[in-house]
Amino acid sequence: MKDDFLSTPLQFLKGVGPRKAADLKRAGLVSVEDLLYRLPFRYEDRARMQPIASLRAGNKAAVIGEIKSARLAITRRRGFKIFNAVVGDASGAIRCAWMNQAFLADILQPHLRVIIFGDVKLDSTGLHLLNPEYELVAEDGLGVHTGRIVPFYEKSGSVTPNMQRKLVRFALDQLPPEIPDVLPADLRERQGLGTRRAALEAAHFPPNDASVRELNAFRTPAQRRLIFEEFFLFQIGHAWRRQVSSMELKPFVPTVDDRIRAAAAAILPFKLTPGQRQAVKEIVDDMRRPQPMHRLLQGDVGAGKTIVALLAALVAMENGLQVAFMAPTEILAGQHFGNIARLLSRSRFRVDLLTGSTPGLQKHTLHAHIERGTSNLIVGTHALVQENVNFHRLGLVVIDEQHRFGVAQRASLRSKGLQPDVLLMTATPIPRTLALTDYSELDVSKITDLPPGRTPVRTVVRPESRRDEIYQLLRDQLDQGRQAYIIYPLVEGSEKVDLKSATEMADHLQTDIFPSYRIALLHGRMKPDAKERVMHAFAAGQIHILVSTTVVEVGVDVPNASVMVIEHAERFGLSQLHQLRGRVGRGSWESHCVLLYQSPWTDDARERLNAMAATNDGFVIAERDLELRGPGDFFGTRQSGLPQLRTGDLVRDRDIMEAAYGEARRLVTETGLTGDLLRFVEEQWQQQFGLIEVG
Ligand code: ADP
Ligand code: MG
C-alpha cells in the first residue's frame, strides 16, 4: 500500500532544502504522503479569464495576456519604487502596478505570457491592477496559482500557501501514473469512488469545470473518495480488533436456569419495561457465550439502566463470579451501593462499597474479602482500578455513566479480570457518527422507553430578572411536598467566586425566602462523609432544597424532587443541561426545569437554552450538541477515543463514515484481512489514528 514515492521524505523533493524541510516537519509534513493528504481548506475560482477591455474598477479579475512593456519607476519619496507592467490581450491592455517589489523587473519581462489576478482600481493614474498575483505560463498552460480553480492551504508555519501549492503541484507531477490503491476495486465500484491517483490530483487541482461550491463543501467525488479512504482505514482497524477479540474465550461461562430466573424475579421491585426486558435478554445472551461481552447499554436519563445491570450482576454471582460496578462519583457510587444492598438484602450475596474515602483499615479488610472471593459485588469509584485490588474470580464489569471515565481507566479495570464480560452504560446518547468511531467495536443495546407514569419535564428559559416568579413556583411545589435542586456552575478558574455564590444563595434562601423549609449545600470540596450525609438527608426528604454544584449531574435519583433550577444556565453545555434536567421527572408528578440566564448571553447560549426548552429527547439534544460544539468537545473533559483525522470531519462527513463502517465490517467478516491492509492495521493503524485503548 505504501508507494515508494509517497513515503519519500519531502526533503528529497527538488526545491526543498534542509531548512524548508525542517519548516515543513514542524507543520507535521514529513513525507510526500503527508503533503498530499493535507487537503486544501478552501478553493477559489480563478479560472474564468476576462477580456481586458471588460474590466471595471472595484472587482477582482483574472486576465491572461502578454507583457507589452515593463518599467521600474523611482518615486520622489526616497527609496520608494513602483514596478509597472502593461499586459495586453486581444481586447486591450491594462497597467499593473506593484509597490516596492523591484525584483519583479527580473521576472516579468516583455513578451512573456502571464496570468494576472487581483483588484481592479481606478485613481488619478487611470485603471490598473494593484499588487496583483501573477504567474508566468506556457502558451497553452494552466497556472498553478492563477488561471484555474486554485487550492488554498492552512498556513503551516513558515510555509506560505503559495509555496505549498507549488510543492503539491511538483509532487503530483512526479507521482507515478499508477499507485497502489487501498480500496479494493469492487468496493470502489459499489461506492462509486474513483482511483486514489485521480482523486489526489483532482482534490488539489480540480478540473476547471468542477463546482467551487461543491469543493468548498468537500463534496466532490475526489474529496469524498479520500475521506472515505481515511474512514475506511480507521474502521478496518476496529473491525479487525473486534474480530480478534471475538476469538478470545473467557474462563468461566455463566449459565442460566430456572433457579436463577426465580432469583431474579424475587429481587425485582417493579415490572420491567419492554425496553429493559429486551436489554436484559441481549446482555444475558452475551454472557452465556464463550466470548467476553463488550456491550454498551444506552438509555436516556431515567430509563432505568441500573436494574438491568443488577440483573446481569445477579446472573454472574449465581454462577460463582464476582462483579465490579464502577460509578464516576462517590455520590453515585454511594447511591448505587445503598440501592443494590437493599435489593440484595435477602440474598446470600455480599455487597461492598469501595471508594477513595473508604477508611484505611476497612479498605484493608475489604481487599482481603475481594481477594478471597467472599465479597461478591463491589460497587466503587475509580478507586476500584487505582487501588491494589485483586479479584478472586471477576466475571462481570459494569461501568456506569461510562462517558465520564477515561479510556485508560476503563481498560485497566477490564484487565483485572481474566477476560470478564464488560457492560458499559451511558445516559449521554451518543450521536451515530461518534458511536461509529468511539464505540465501533462494541455491541449496543438501547432502552428507548421510560418506566410508566412519567410525565415529561416542563422546561422554561428565564432571565435573572424574573427570579421572583421562580421562587413562587418553588414555593408551590414545596407546599405540595416536593423537593428541589438549585444548581450553580463551578467554572475552572473562578471556583472561589462560584462557590461563594452557591453558599450565599443557600444562606439567603434559608433566612430570607424559605425560612420554614430546610435548605442544604452540596459541593465537591466537602468531605466525603459530609457529602454523604447531605445526600442521604435529601433522598430521605429531610432536606427540601438542595443548593448544589454539578456534583449531582449524573445518576442521582431522588424521585420526589420535581424542580430543577439551573443558575447561569448560559454557562452549561447542552448535554450537561440534559443530564441535570434528568434529575427530575423521575416520579409520577409533573416536574419543572428552569434555566435562569444572566444577560448578555451569546447567540450560542440562546440556541442551547432554546433547544433544551424545545425537546426532552436526549438523542435530538446530543445531535444538536455535536453540531454546536464539534466532536472534540462533545464528551467534555473525558479523555477521548476520537481519532486524529487528516481529511475527514466527523460532523460534516457523517454519511461517509457510515458507508466506510459498513464496508469495513463486510470486508473483515467476508474475506478477512490480508496483505497490505493487514500490515497496515498491525503496524500503522494505532500510530496514524492516535488512539488509546478503548474499554
Ligand atoms: P438511569 O437509566 O438514568 O440510570 P435509574 O436506573 O436510576 O435510571 O432509574 C430511574 C428510576 O426509575 C429509579 O427510581 C428506578 O427505581 C425507577 N425504575 C426503573 N425501572 C423501572 C420500572 N420498570 N418501573 C418503575 N420504575 C422503574
Ligand atoms: Mg444511572
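Here, each number is a calculation from the coordinates, and none is a lab measurement. For clarity, every value in this text was computed on a predicted model and none was experimentally measured. We place every Cβ from the backbone using ideal geometry, glycine too, and count neighbours over all the protein chains shown.
Rounded to the nearest 0.05, what FRET efficiency do SER69 and VAL620 have when you use their Cβ-Cβ distance and R0 = 60 Å?
Working: r = 66 Å, r/R0 = 1.10.
Efficiency for this residue pair is about 0.35.
Extension gain, GLN480-ILE82: 0.36 nm per intervening residue step, less the Cα-Cα distance, totals 134.9 nm. Compared with the dominant principal axis of the Cα atoms in the chain, helix 161-174 is inclined by about 80°. Over all other residues within a Cβ to Cβ distance under 13 Å of ALA263, the charged ones net out to +1, with Lys and Arg as +1 and Asp and Glu as -1.
Approximating the spin labels as points 7 Å out from Cα along Cα→Cβ, the PHE41-to-GLU469 distance works out to 4.3 nm. Distance from the C-alpha centroid of the range 102-179 to that of the range 496-514: 65 Å, rounded to the whole angstrom.
What is the sum of charges around VAL16, taking Lys and Arg as +1, Asp and Glu as -1, for the other residues whose C-beta is under 12 Å from the C-beta of VAL16? Local charge sum for VAL16: +4. Dividing the helix sum by the residues of the chain, where each DSSP H run of 4 or more adds -39500 (n - 2.57), gives a mean residue ellipticity at 222 nm of -11000 deg cm²/dmol.
Please give the FRET efficiency for THR671 paired with GLN174, using the beta carbon to beta carbon distance and R0 = 25 Å, rounded to the nearest 0.05.
Numbers: r = 34 Å, r/R0 = 1.35.
My answer for the efficiency is 0.15.
Share of antiparallel DSSP beta bridges in the chain, in percent to the nearest 5? Write down the numbers at each step before the final one.
Working: 38 of 91 bridges.
That works out to approximately 40 percent antiparallel.
Quick one: helix 603-614 against the long Cα principal axis of the chain, what's the angle to the nearest 10°, folded into 0 to 90? The answer is roughly 40 degrees.
Scoring 285-291, 617-623 by mean Cβ neighbours within 10 Å over their residues and listing the highest first yields 617-623, 285-291.
Would you mind ranking ARG261, ARG482 so that the residue whose beta carbon has the fewest other beta carbons within 10 Å leads the list? Present the calculation step by step, with values, prior to reporting the outcome.
Values: ARG261 12, ARG482 21.
By the 10 Å Cβ count, ascending: ARG261, ARG482.
In this label model, GLU683 and LEU136 are separated by 4.4 nm, measuring between points 7 Å along each Cα→Cβ vector. Angle, helix 305-318 long axis vs. longest principal axis of the chain, Cα atoms, 0 to 90°, nearest 10? Computed tilt is about 60 degrees. Report the local net charge at ALA57: Lys and Arg +1, Asp and Glu -1, summed over other residues whose C-beta lies under 12 Å from its C-beta. Around ALA57, the surrounding residues sum to +1. The rule of thumb for compact globular proteins, 2.2 N^0.38 Å, goes into the C-alpha radius of gyration of the chain 1.22 times.
Taken over the range 258-447, the convex hull of the Cα atoms encloses 112 Å³ per residue. Mind scanning LYS281/LYS305; LYS20/LYS155; LYS305/LYS531; LYS25/LYS155; LYS81/LYS155 and naming the pairs with a C-alpha gap bigger than 18 Å? In this structure, LYS305/LYS531; LYS81/LYS155 lie more than 18 Å apart at Cα.
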